[in-house]
Amino acid sequence: MKIETKYTGMLKISEEQVIKFEKGIPAFEEETHYVLLPFDAETPFFVLQSIKTVEVAFIVVNPFQFVPEYQVKLPDSTIEQLAIEKEEEVATFVMLTVRDPFNETTANLQAPVIINALKQKGKQLLMSDSSYKTKHWIFDKQPAAAKEEK
């Protein structure tokens, strides 16, 4: 099938690449089918692109590359909803808020995107009882204002 993407134009994808988010993503509940695309071969970033609406595309990254101590405990309901049988099936991503300059980009560690890569099912998990923030600095160089807040 062909889809129009926000960052790379028209692409041909296979049905096997489509990830189903049964209840959508918070604030985008009507968008239930996405594809995970590399943003650029030279970067660790991906695009979680809706296959229905070209403008609905999130820049995501594997959080463990930037925050090695990051931990996500999946509730039983999420394990069941995504039909997870083994830890190896799970891919974890976090959405970025891209800023200019890019080194001021933050990651939402409070709401990771969990994907069962084997069964192509996904969910954004809201971890409101965690100490993680919705705007976590992922680069060493933090803006002066952020350093003052700490």
Looking only at the range 36-70, count every residue that is farther than 19 Å from THR97 by Cα, surrounded by 11 or more Cβ atoms within 10 Å (Cβ to Cβ) and of a type outside the set (Lys, Arg) and tell me the total. 2
Yes/no for GLU4 being among the acidic types (Asp, Glu) and crowded, with 16+ Cβ neighbours inside 10 Å: no
Filtering the range 16-31 for residues that are among the aliphatic types (A, V, I, L, M) and touching a Lys or Arg at 6+ places or on another chain (Cβ under 8 Å) leaves a count of 1
Meets criteria (in a loop (DSSP other than H, G, I, E, B) and touching a residue at least 40 places away in the same chain (Cβ under 8 Å)) for LYS52: no
Answer yes if at least one residue in the range 79-94 is in contact (Cβ under 8 Å) with a residue 24 or more places away in the chain and on the phi > 0 side of the Ramachandran plot, and no otherwise. yes
Of all the strands (runs of 3 or more DSSP E) wholly in the range 58-150, which have at least 3 residues that are closer than 30 Å to GLU15 by Cα and either at pLDDT below 95 or out of contact with any Gly (no Cβ under 8 Å at 6 or more places or on another chain) (or both)? 90-97, 121-124
Just need a number here: residues in the range 1-49 that are at pLDDT 95 or above, of a type in the set (Asp, Glu) and either in contact with a strand residue (DSSP E or B) (Cβ under 6 Å, 6 or more places away or on another chain) or assigned to a loop (DSSP other than H, G, I, E, B) (or both). 5
Out of the residues in the range 74-107 that are under 20 Å from LYS119 (Cα atoms) and charged (D, E, K, R), which is surrounded by the most Cβ atoms within 10 Å (Cβ to Cβ)? GLU89
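The values are calculated or read from the model by the stated rules, or taken from the named source; none is laboratory data. As the structure is a prediction and not an experimental result, all values here were calculated from the model. Backbone-built Cβ (ideal geometry, glycine too); neighbour counts: all protein chains shown.
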